[in-house]
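First the structure, in the form of structure tokens, and then the observations on it.
We did not get these values from a lab; they are worked out from the coordinates using the rules stated. Keep in mind the model is a prediction, meaning the values are calculated, not measured. Quick reminder, even Gly has a Cβ in these numbers, built from the backbone with ideal geometry, and neighbours come from all protein chains shown.
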Amino acid sequence: MAHAHHIGAEYAGHSALGEWIRRVADVTREELKYRRQFKRTMRELAALDDAQLADMGLNRSMIRSAAIEATYGPQE
């Protein structure tokens, strides 16, 4: 009986580890999704000419902060 209890505890540990790995994978996937969106926004804004950026109220030095805000929301 003690042996069966030990095996059950071992599986419980693997279950917790598996859940932790799934959570880390989910967070990583989410972070990669935001990173891809950020990079895409940077490319699109950088491809615009200065007049187009000015029409949006931006200049070249503002592209990075605009991409961050567009991707992650307003930064405090």
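Annotations
- Arg43 paired with Thr28, simple spin-label distance in nm, labels 7 Å along Cα-to-beta-carbon: 2.3
- Based on the Stokes-Einstein relation at 25 °C and a viscosity of 0.890 mPa s, and on the Kirkwood radius from alpha carbon pairs, the stretch 18-67 is assigned a translational diffusion coefficient of 196 µm²/s.
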